[in-house]
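The values are calculated or read from the model by the stated rules, or taken from the named source; none is laboratory data. Note that the structure is predicted; figures quoted are calculated from it, not measured. All Cβ positions, even for glycine, are placed from backbone atoms using ideal geometry, and neighbour counts span all protein chains on display.
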Amino acid sequence: MKSPDFTISPISFQIDFESTDADFKKLNGLFEHKSLDGKLISNGNYFSNVKTGNWDYYFYDQNVKATFSYDGYGVITSEYYYDLRRNEPFSDEFILKAEDGSYEERKIKDGVRNGTTRYKDAEDKTIKKESYKDGVLKE
(Lines give C-alpha, C1' and ligand atoms only; values in the text may rest on other atoms or scores of the structure.)
Protein backbone atom coordinates (compact mmCIF):
# COMPACT_ATOMS: atom_id res chain seq x y z
CA MET A 1 0.00 0.00 0.00
CA LYS A 2 1.38 3.40 -0.96
CA SER A 3 0.93 6.37 1.30
CA PRO A 4 -0.65 9.61 0.08
CA ASP A 5 2.69 11.43 0.32
CA PHE A 6 4.45 9.63 -2.54
CA THR A 7 6.44 11.74 -5.00
CA ILE A 8 4.47 12.74 -8.11
CA SER A 9 6.30 12.18 -11.39
CA PRO A 10 4.56 13.19 -14.64
CA ILE A 11 6.05 10.15 -16.35
CA SER A 12 4.73 7.57 -13.88
CA PHE A 13 1.71 9.46 -12.51
CA GLN A 14 -0.98 7.19 -13.99
CA ILE A 15 0.71 4.00 -12.78
CA ASP A 16 1.35 5.53 -9.35
CA PHE A 17 -2.24 6.81 -9.14
CA GLU A 18 -3.78 3.47 -10.11
CA SER A 19 -1.66 1.56 -7.58
CA THR A 20 -2.42 3.95 -4.71
CA ASP A 21 -4.95 2.83 -2.12
CA ALA A 22 -8.45 4.11 -2.96
CA ASP A 23 -8.76 5.75 0.47
CA PHE A 24 -6.03 8.23 -0.49
CA LYS A 25 -7.19 9.35 -3.91
CA LYS A 26 -10.12 11.37 -5.16
CA LEU A 27 -10.98 12.29 -8.72
CA ASN A 28 -12.02 15.93 -9.15
CA GLY A 29 -12.16 18.07 -12.29
CA LEU A 30 -11.60 17.38 -15.97
CA PHE A 31 -10.67 13.82 -16.92
CA GLU A 32 -9.37 12.73 -20.31
CA HIS A 33 -8.61 9.15 -21.29
CA LYS A 34 -6.49 8.72 -24.42
CA SER A 35 -5.21 5.71 -26.31
CA LEU A 36 -1.49 5.03 -26.66
CA ASP A 37 -1.54 6.75 -30.06
CA GLY A 38 -3.14 9.89 -28.57
CA LYS A 39 -6.76 9.37 -29.67
CA LEU A 40 -9.34 10.64 -27.21
CA ILE A 41 -11.35 7.74 -25.76
CA SER A 42 -13.42 9.62 -23.17
CA ASN A 43 -13.58 12.93 -21.37
CA GLY A 44 -15.73 14.61 -18.75
CA ASN A 45 -15.73 15.91 -15.19
CA TYR A 46 -15.53 14.22 -11.82
CA PHE A 47 -16.62 15.64 -8.49
CA SER A 48 -15.52 13.60 -5.46
CA ASN A 49 -15.03 10.46 -7.59
CA VAL A 50 -18.48 10.81 -9.21
CA LYS A 51 -19.04 11.54 -12.92
CA THR A 52 -21.01 14.75 -13.41
CA GLY A 53 -22.25 16.74 -16.40
CA ASN A 54 -21.63 15.67 -20.00
CA TRP A 55 -19.17 12.89 -20.79
CA ASP A 56 -18.10 12.06 -24.34
CA TYR A 57 -17.10 8.49 -25.26
CA TYR A 58 -15.51 7.71 -28.62
CA PHE A 59 -16.12 4.35 -30.29
CA TYR A 60 -13.86 4.64 -33.34
CA ASP A 61 -14.53 1.04 -34.42
CA GLN A 62 -18.20 2.03 -34.90
CA ASN A 63 -17.54 5.69 -35.90
CA VAL A 64 -19.68 6.87 -32.98
CA LYS A 65 -19.35 9.52 -30.29
CA ALA A 66 -21.76 8.91 -27.41
CA THR A 67 -22.52 11.75 -25.01
CA PHE A 68 -23.95 10.78 -21.63
CA SER A 69 -25.24 13.37 -19.15
CA TYR A 70 -24.72 12.48 -15.49
CA ASP A 71 -26.53 13.92 -12.48
CA GLY A 72 -24.64 14.71 -9.28
CA TYR A 73 -24.84 11.07 -8.19
CA GLY A 74 -23.19 9.44 -11.23
CA VAL A 75 -26.51 8.35 -12.77
CA ILE A 76 -27.01 8.80 -16.53
CA THR A 77 -29.94 11.12 -17.17
CA SER A 78 -29.70 11.37 -20.97
CA GLU A 79 -27.67 10.03 -23.86
CA TYR A 80 -27.00 11.07 -27.45
CA TYR A 81 -25.16 9.31 -30.30
CA TYR A 82 -23.31 11.11 -33.08
CA ASP A 83 -21.95 9.66 -36.34
CA LEU A 84 -18.30 10.70 -36.59
CA ARG A 85 -17.99 9.81 -40.26
CA ARG A 86 -21.11 11.63 -41.52
CA ASN A 87 -21.12 14.52 -39.01
CA GLU A 88 -24.77 13.95 -38.15
CA PRO A 89 -26.90 12.18 -35.53
CA PHE A 90 -26.23 8.43 -35.53
CA SER A 91 -28.87 6.00 -36.84
CA ASP A 92 -28.08 2.28 -36.79
CA GLU A 93 -27.33 -0.50 -34.32
CA PHE A 94 -24.75 0.36 -31.66
CA ILE A 95 -22.89 -2.25 -29.59
CA LEU A 96 -21.76 -1.30 -26.08
CA LYS A 97 -19.28 -3.88 -24.74
CA ALA A 98 -18.47 -4.51 -21.08
CA GLU A 99 -15.16 -5.77 -19.72
CA ASP A 100 -16.73 -9.09 -18.61
CA GLY A 101 -17.68 -9.99 -22.20
CA SER A 102 -21.33 -9.03 -21.89
CA TYR A 103 -22.72 -6.36 -24.21
CA GLU A 104 -25.76 -4.35 -25.25
CA GLU A 105 -27.24 -4.11 -28.74
CA ARG A 106 -28.86 -0.68 -28.93
CA LYS A 107 -31.07 0.47 -31.80
CA ILE A 108 -30.40 4.17 -32.40
CA LYS A 109 -32.37 6.56 -34.63
CA ASP A 110 -31.57 10.27 -35.04
CA GLY A 111 -29.10 10.16 -32.15
CA VAL A 112 -31.35 8.55 -29.52
CA ARG A 113 -32.44 5.05 -28.64
CA ASN A 114 -35.42 3.96 -30.69
CA GLY A 115 -36.44 0.30 -30.75
CA THR A 116 -35.24 -2.66 -28.73
CA THR A 117 -32.10 -2.73 -26.60
CA ARG A 118 -30.92 -6.28 -25.91
CA TYR A 119 -28.62 -7.07 -23.00
CA LYS A 120 -26.52 -10.17 -23.74
CA ASP A 121 -24.07 -12.22 -21.71
CA ALA A 122 -20.63 -13.34 -22.91
CA GLU A 123 -22.19 -16.45 -24.49
CA ASP A 124 -24.52 -14.28 -26.64
CA LYS A 125 -27.63 -15.22 -24.61
CA THR A 126 -30.22 -12.46 -24.22
CA ILE A 127 -30.58 -11.57 -20.53
CA LYS A 128 -32.99 -8.66 -20.77
CA LYS A 129 -34.81 -6.50 -23.34
CA GLU A 130 -35.98 -2.88 -23.18
CA SER A 131 -38.01 -0.90 -25.70
CA TYR A 132 -37.39 2.78 -26.43
CA LYS A 133 -39.31 5.37 -28.42
CA ASP A 134 -37.53 8.63 -29.31
CA GLY A 135 -35.01 8.17 -26.48
CA VAL A 136 -37.59 7.35 -23.79
CA LEU A 137 -37.87 3.94 -22.15
CA LYS A 138 -41.33 2.42 -22.65
CA GLU A 139 -42.84 0.82 -19.58
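Specify the residue that is nearest to F94 (Cα to Cα); the eligible residues are those in the stretch 37-59 that are part of a strand (DSSP E or B) and over 11 Å from the mean Cα position of the chain (by Cα).
Taking the candidates together, the pick is L40.
Inside the stretch 78-93, can you point out the residues that are out of contact with any Phe, Trp or Tyr (no Cβ under 7 Å at 6 or more places or on another chain), part of a strand (DSSP E or B) and within 16 Å of Y57 (Cβ to Cβ)?
Hits for the stretch 78-93 are S78, Y80.
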(message) If I filter the stretch 16-38 down to residues being modelled with pLDDT of 80 or more and among the small types (G, A, S), which single residue comes out as farthest from G74 (Cα to Cα)?
(response) G38
(request) Name the one entry in K107, K133 that is touching a residue at least 12 places away in the same chain (Cβ under 8 Å) and either surrounded by 13 or more Cβ atoms within 10 Å (Cβ to Cβ) or touching a Pro at 6+ places or on another chain (Cβ under 8 Å) (or both). (result) K107
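For the stretch 22-36, how many residues meet the condition of being part of a helix (DSSP H, G or I) and touching a residue at least 12 places away in the same chain (Cβ under 8 Å)?
1
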(request) Within the stretch 5-15, identify whether any single residue is surrounded by fewer than 10 Cβ atoms within 10 Å (Cβ to Cβ), assigned to a loop (DSSP other than H, G, I, E, B), at pLDDT 70 or above and hydrophobic (A, V, I, L, M, F, W, C), and answer yes or no. (result) yes
(message) For the stretch 117-127, which positions are under 12 Å from E105 (Cβ atoms) and over 20 Å from the mean Cα position of the chain (by Cα)?
(response) D124, T126, I127
(message) Looking at (1) modelled with pLDDT of 95 or more; (2) under 13 Å from the mean Cα position of the chain (by Cα), which one does G74 not meet, given that it meets all the others?
(response) (1)
(request) Hey, can you tell me all the residues within the stretch 97-139 that are aliphatic (A, V, I, L, M) and more than 20 Å from T67 (Cα to Cα)? (result) A122, I127
(request) Please specify each residue of the stretch 94-139 satisfying the condition of being on the phi > 0 side of the Ramachandran plot and either polar (S, T, N, Q) or outside any strand (DSSP E or B) (or both). (result) G101, D110, G111, D124, D134, G135
